[in-house]
Amino acid sequence: MAHLILKDVNKVYPNGFHAVHDFNLEIMDGEFICLVGSSGCGKSTTLRMIAGLEEITSGEFYIDGVLANQMSSRDRGIAMVFQSYALYPHLTVYENLAFGLMLEGIDADIIEEKVQATAKILGLTDYLERFPRQLSGGQCQRVAVGRVLIRKVNIFLMDEPLSNLDAKQRVTMRSEIKQIHRGVGATTIYVTHDQTEAMTMSDRIVVMKLGVVQQVGTPFELYFYPRNLFVAGFIGEPPMNFLHGKVEGGMLKLDGESETTLDISPIANDVEALEGKEVVFAFRPEAVNLVKEGEKAPKDGYTFSSQVELTELLGDNTNVYATVDGVNVILKINPHDTPERDTECVFNIPYKSAYLYDKETELAVETDIKRH
Ligand code: ADP
């Protein structure tokens, strides 16, 4: 296992492009960390600097307390699984797994033992004599992971390892990788653009945008306490709803013709400090409660009226595409309560599920409200 520290790490490519800005992170022994963010935000660059495949322009990188900036890739005790897992097509699964060890001149007996043990962890025991073309995409991916696992490593790096698989295989491999991690215990850094993958697999997630870390936290922390608008919009599917407005006379006046005003004192510590500011009122699609006809809306929340444009029954829930004073919102509700198209739908957002962001700084407005 390994304990890693990245301190003010920057990457400026030779063409002058500043791809990673002041990256700071301490990774504990055996932790599973996901780097997540849209394409081009610097995830792979960060991973490649950790792997020693890309030079660190400035800052410090420590492995178990030892400065590793100049350490060769080989000496870092790192193994990496890439997006494209080129297996040797003319070698069997057994030979693919054994290949690296054979090159190192390890005894055949030991190789046999290691291949069998690795195959067992990955459920490949019955496939050892097959060639890659006789395997499914998921099985190939397992062999690729196995080739890395078979070597004793302290740090496991994965760059979008599931992107070549179909949706169903991805879900299966997600839990497999998690189980393998539990069994092997190596510190793991996993790059993905898929927030669901990050949410389901990680101990902690690092959300990046344009080379800058936006927030580091457990999936729970990122979901309930997104610290800025980017994280709020990135984590969660469907994404958070945003309603824009301005604070006037201690109330939030939402943009739009209806001039809806909301008392934001329950969800902002210092309403006075917000006076005159543009803010964004946010809530998750799944946080809303429908207020049915004849029912009274709960007092400890915000009640809105919306126009239903479209409904999508997904089985376990319905996504309702609606508008609140002309602004598009998505509501995720119980399928048994699916409203009709072109009708009015009244919903309530409990205070604990309502968020406020300062539009200028994009940061969450300070609040003591407990969200869970
Ligand atoms: P991600 O993995 O998040 O998709 P990358 O780390 O691959 O992003 O890239 C981050 C940014 O750095 C992108 O804008 C990319 O175009 C740029 N970049 C990557 N490699 C190089 C390079 N060798 N030279 C210049 N710019 C690069």
Practice prompt. Could you rank F220, F230, F304 by how accessible they are, 1.4 Å probe, largest area first?
Written response: F220, F230, F304
Worksheet item: So for the chain, what are the equivalent ellipsoid semi-axes in whole Å, largest first, each being the square root of 5 times an eigenvalue of the Cα gyration tensor?
Response: 47, 26, 15
Worksheet, complete the sentence: Counting only protein heavy atoms and leaving out ligands, DNA and RNA, the solvent-accessible surface of I330 at a 1.4 Å probe, in Å² to the nearest 10, equals 30 Å²
Response to the item:
Contour minus Cα-Cα span, T125 to L91, at 0.36 nm per residue, comes to 10.7 nm
Item to complete: Would you kindly find the accessible area of H193, with a 1.4 Å probe and non-protein molecules such as ligands, DNA and RNA excluded, rounding to the nearest 10 Å²?
Response: 100 Å²
Fill in: DSSP-defined beta bridges in the chain - what % are antiparallel, rounded to 5
75 percent
Discussion item. Can you tell me which lysines have their Cα less than 19 Å from the Cα of K114? Leave out same-chain residues fewer than eight positions away.
Written reply: K152
Item to complete: Could you give the size of the charge dipole of the chain about its Cα centre, using +1 on the Cβ of each K and R and -1 on the Cβ of each D and E, expressed in debye and rounded to the nearest 20?
Response: 1140 debye
Worksheet item: Local charge sum around I5 (other residues, Cβ-Cβ under 11 Å, Lys/Arg +1, Asp/Glu -1)?
Response: -3
Worksheet item: Looking at region 262-339, which GluC sites (Glu not before Pro) are DSSP coil and have at most 11 other C-beta atoms within 10 Å of their C-beta?
Response: E293, E295
Item to complete: Treat each spin label as a single point 7 Å out from the Cα along the C-beta direction, and report the D300 to D342 distance in nm.
Response: 4.0 nm
Practice prompt. Output the direction-averaged projected area (hull surface divided by four) of the convex hull of the alpha-carbon atoms of region 133-276, in nm².
Written response: 12.5 nm²
Worksheet item: Counting each DSSP H run of 4 or more residues in the chain as -39500 (n - 2.57), what helix-only mean residue ellipticity at 222 nm follows after dividing by all residues, to the nearest 500 deg cm²/dmol?
Response: -7000 deg cm²/dmol
Discussion item. For a quick check: with amide H placed at 1.01 Å from N, whose amide H comes under 5 Å from V346's, ignoring anything fewer than 5 positions away on the same chain?
Written reply: V291, S306
Item to complete: Report, in whole Å, the centroid distance computed from the Cα atoms of region 257-329 and region 122-185.
Response: 43 Å
Worksheet item: Which net charge results for the neighbourhood of L101, defined as the other residues with beta-carbon distances under 14 angstrom from its beta-carbon, given Lys and Arg at +1 and Asp and Glu at -1?
Response: -2
Worksheet item: When only alpha-carbon atoms count, how far does region 245-368 stretch along each of its three principal axes, as whole angstroms with the largest first?
Response: 43, 29, 29
Worksheet item: On average, how much area does the Cα convex hull of region 77-149 cover when viewed from any direction, in nm²?
Response: 4.8 nm²
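The values are calculated or read from the model by the stated rules, or taken from the named source; none is laboratory data. Values in this document were obtained by computation on a predicted structure and should not be read as measured data. Counting neighbours? That spans all protein chains shown, and the Cβs are built from the backbone with ideal geometry, glycine included. Calculation scope for accessible area: heavy atoms of the full protein, side chains included, ligands and nucleic acids excluded. Shrake-Rupley method; radii C 1.70, N 1.55, O 1.52, S 1.80 Å.
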